[in-house]
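Student: Dumping the structure here so I can ask a few things about it.
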Amino acid sequence: MSSPRVDVDSESFWAALRDHRIVLQQCQACAKKRFPPMPSCPWCGTPGGVDVETDASGRVYSWVTVHRQLTVPREVPYTVATVQLDDGPRLLGRLDGHASVDAPVESFFVDHDDWTELRFRVVS
Amino acid sequence: MKAAIAGVGYTALTKHSGKTPLGLAREACQAALDDAGVPASAVDGIASFAVMHDSAPCVSVATALAVPQLRFVVDADLGGQAPCYLVWLASMAVATGHAENVLVFRSLNGRSGARVGTMEFSGAGGQYRYPIGYDAYLMYCAMWARRFLHETGQTEEDLGAVAVAQRTYAASNERAYKRWPLTLEEHQGQSYVCEPFRPDDCTVEVDGACAVLVTSVERARDLRRPPAVIASGAFRAGPRPGLDIGDHLLWADYTRNYTSILRDELFGRAGVTPADVDVAEIYDCFTSTVLMGLEGLGLAERGGAGDLVRSGRLPINTHGGLLAEGYLHGMNTVAEAVTQIRAGHEVCAVTSGALMDGSALVLVNDR
């Protein structure tokens, strides 16, 4: 897999994943947690924010299964889910297990050569 | 002063044009001018859009057409959200006297050149998608479609109904790329590309161009074709539209796109209601966006778009749509709306775009 194009806004997120931790940004004014990382709060506009840890447990908000290679060669099929975290924001990740809307999921880490991927699996 | 669309023009839609985007743009723009009976020397505005620089800039088209001068120009860095919006911008320029004759076009070698369906978009959201193989626009629309079907109680057969209905229209459209018929059984029997989408849920990428000419209603009345009056237009990016065209993580509701939130402004400005609409041209990069657009605009009840399509009560995507005519990113959707108004329809709703942001028009007869 290609490695992510890390930027100044996202470097602490990716660095945390390398340590097998998951961080979200939290607004210091309205306390909303957000993802993806960005320079200011998308709800109240306040600049900055602090990183807070999450276990990234949640439910499948929606999912797709890719059956046909469309871009670069990859093993298919695979499933990608939009996960509604119990902590508020949504994340994207590969999903293991039988996908269905609202299925409960937990996260785990997959280490690649130069980055760490966050994945999800359905909790039975 | 109101504006109207006075001319439409197309190139052929092919797998391999053998032409540059500029060559295609010039051809479509000249065809729109010829359709209206307006010389290129009268053009003083051009607007267009491109994804990752896959088109020709407006000044190059002005150069190729030997336009004496441009007073109004837009090169929008947008995809399918743009056509209705650019026509609406052009109509505002005409209505306020900032331009008289504005060409709006889309040109691309979308099949033989850079293919939007699989290109990597710039923007900060890509780092969370591309490394995990969530990397084609159809996946993002599929992600919304899955949730939409789940919440509205519709099924993949409702997606199929859209594909089938539009192929019936395409059969009598000489420009259409897919003119052969499709049955629901054939649709349901296809292997998934990206579940819940099968091949015929997806637009067909083509090389080609399409253009329309926007001018005042008064001028249009003296031209070759009856005016399609631009009664209203609207653009909307809803709350937290994200970091780029593929970043939908902050959008609250994947079952409602921009059409839900521009509807009241769109129809209110035109002085019509959804019940007055007698033909609809709904942006359809994928079948699901037709269902979502019909419900978003209030042309169908929540969960009832598939039934509306099957009923045939409202003509929808009468050229076969982007699904069957070809993927000119909705410029041809606007052009088809003009054709329908010329054919005697009273009120046509047109949309551009699929997800967080997009635009729409209401075109009406010159009553």
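Computed from the coordinates by the stated procedures, all read-outs in this text should not be read as laboratory data. Values in this document were obtained by computation on a predicted structure and should not be read as measured data. Using ideal geometry, Cβ is built from the backbone for each residue, glycine included, and neighbour counts are taken over all protein chains shown.
Student: List the equivalent ellipsoid semi-axes of segment B:218-316 in whole Å, largest first, each obtained as the square root of 5λ for an eigenvalue λ of the Cα gyration tensor.
Tutor: That gives 27, 19, 13 Å for the three semi-axes.
Student: Ranking B:112, B:191, A:100 by Cβ neighbours within 10 Å, fewest first, what do you get?
Tutor: B:191, A:100, B:112
Student: Find the all-direction average of the projected area of the Cα convex hull for segment B:194-236, expressing the result in square nanometres with one decimal place.
Tutor: 6.2 nm²
Student: Measure nothing fancy, just the Cα-based angle from helix B:21-36's long axis to the longest principal axis of chain B, in degrees from 0 to 90, nearest 10.
Tutor: The angle comes out near 60 degrees.
Student: Where the convex hull is taken over the Cα atoms of chain B, what is its projected area averaged over directions, in nm²?
Tutor: For chain B, averaging the hull's shadow over all directions gives 16.2 nm².
Student: Out of residues 5 or more away from residue B:3 or on other chains, whose amide H comes under 5 Å of its own, with H placed 1.01 Å from N in the peptide plane?
Tutor: Those qualifying (amide H under 5 Å, at least 5 residues apart or on another chain) are B:217, B:230.
Student: Another one. Within segment A:78-92, list the residues whose amide N lies under 20 Å from a label point set 7 Å along Cα→Cβ of residue A:31.
Tutor: Backbone N within reach: A:85-90.
Student: Turning to a different aspect of this structure: Helix-only mean residue ellipticity at 222 nm, chain A, DSSP H runs n ≥ 4 weighted -39,500 (n - 2.57), per residue, nearest 500. What is it?
Tutor: Counting only the DSSP helices, I get -1500 deg cm²/dmol.
Student: What is the mean number of Cβ atoms from other protein chains located within 10 Å of the Cβ atom of each residue in peptide B:250-258, rounded to a whole number?
Tutor: 2
Student: Also, I was wondering about something else. Let me confirm one metric for peptide B:133-144, namely the mean number of other chain beta-carbon atoms within 10 Å of its residues' beta-carbons.
Tutor: 5
Student: In addition: Quick one: check the C-alpha center-to-center distance for segment A:79-123 versus segment B:16-80, whole angstrom.
Tutor: Cα centroid of segment A:79-123 versus Cα centroid of segment B:16-80: 45 Å apart.
Student: Which one, B:80, B:233, B:271, has the greatest fluctuation when you compute a Gaussian network model over chain B with C-alpha springs under 10 angstrom?
Tutor: Highest fluctuation among the options: B:271.
Student: Plugging the Kirkwood radius over Cα pairs into Stokes-Einstein for segment B:91-191, at a temperature of 20 °C and a viscosity of 1.002 mPa s, what D comes out in µm²/s?
Tutor: It diffuses with D of about 121 µm²/s by this estimate.
Student: Which percent of the Cα-Cα distances in segment B:1-53 go past 18 Å?
Tutor: 41 percent
Student: Which residue fluctuates most in the GNM of chain A (Cα springs below 10 Å): A:77, A:47, A:89?
Tutor: A:77
Student: Binned at 20 Å from 0, what are the whole-percent values of the Cα-Cα distance distribution for the protein assembly as shown, short to long?
Tutor: 24, 54, 21, 1
Student: Hey, rough spin-label estimate for residue B:237 and residue A:40, points 7 angstrom out along Cα→Cβ, what's it come to in nanometres?
Tutor: Simple spin-label model gives 1.4 nm for this pair.
Student: Taking the Cα centre of segment A:11-122 as the origin, how large is its charge dipole in debye, to the nearest 20, when only Lys and Arg (+1) and Asp and Glu (-1) carry charge on their Cβ atoms?
Tutor: That gives segment A:11-122 a dipole magnitude of about 440 debye.
Student: Please average, across the residues of B:315-322, the number of beta carbons from any other chain that are within 10 Å of each residue's own beta carbon, and give a whole number.
Tutor: Whole-number average of other-chain Cβ neighbours for B:315-322 is 0.
Student: I'd like the Karplus ³J(HN,Hα) series for segment B:279-293: coefficients 6.51, -1.76, 1.60, θ = phi - 60°, whole numbers in Hz, and an x wherever there's a Gly or Pro.
Tutor: These are the phi-based 3J(HN,Hα) values: 7, 10, 10, 10, 3, 9, 4, 9, 4, 4, 6, 5, 4, 5, x Hz.
Student: While we're here: Which residues' amide hydrogens lie under 5 Å from the amide hydrogen of residue B:194, considering only partners 5 or more residues apart or on another chain, with H built in the peptide plane?
Tutor: Here A:67 satisfy the definition.
Student: Sorted by average packing, counted as other Cβ atoms within 10 angstrom per residue and highest first, what order do B:247-260, B:198-211 take?
Tutor: Top of the packing list down: B:198-211, B:247-260.
Student: Taking the Cα centre of chain B as origin, sum charge times position over the Cβ atoms of Lys and Arg (+1) and Asp and Glu (-1), and report the length of that vector in debye to the nearest 20.
Tutor: The dipole of chain B has a size of about 560 debye.
Student: Quick check: pseudo-label points 7 Å beyond the Cα along Cα→Cβ at residue A:21 and residue B:171, how many nm apart are they?
Tutor: About 6.4 nm, to one decimal.
Student: Could you give the C-alpha radius of gyration of segment A:1-106 expressed as a fraction of 2.2 N^0.38 Å, taking N as the number of residues it contains?
Tutor: 1.18
Student: Using the basic label-point model (7 angstrom from Cα toward the beta carbon), what is the residue B:70 to residue B:224 distance in nanometres?
Tutor: A separation of 2.5 nm, rounded to one decimal place.
Student: Each residue of segment B:78-88 in order: what ³J(HN,Hα) in whole Hz does its phi give by Karplus 6.51 cos²θ - 1.76 cosθ + 1.60, θ = phi - 60°, with x for Gly and Pro?
Tutor: 9, x, x, 6, 8, x, 4, 5, 5, 5, 5
Student: Shifting gears a bit: Under the Kirkwood approximation for Rh and a Cα-based Rg, what ratio Rg/Rh is obtained for segment A:31-73?
Tutor: 1.15
Student: Report the per residue volume, in Å³, of the convex hull enclosing the C-alpha atoms of segment A:84-124.
Tutor: Output value, Cα hull per residue: 78 Å³.
Student: To continue, here is another question. Once the Cα gyration tensor of segment B:136-207 is found, what semi-axes does its equivalent ellipsoid get, as square roots of 5 times the eigenvalues, in whole Å, sorted largest first?
Tutor: Equivalent-ellipsoid dimensions as semi-axes: 22, 15, 10 Å.
Student: With springs connecting C-alpha atoms under 10 Å apart, model chain A as a Gaussian network and identify which of A:43, A:14, A:63 has the largest mean-square fluctuation.
Tutor: A:43
Student: With every atom except the alpha carbons ignored, what do you get for Rg and Dmax of segment B:257-367, in angstroms?
Tutor: 12.5, 34
Student: Relative to the longest principal axis of the C-alpha atoms of chain B, give the angle of the C-alpha long axis of helix B:156-170, reported between 0 and 90° and rounded to the nearest 10°.
Tutor: That works out to roughly 30 degrees.
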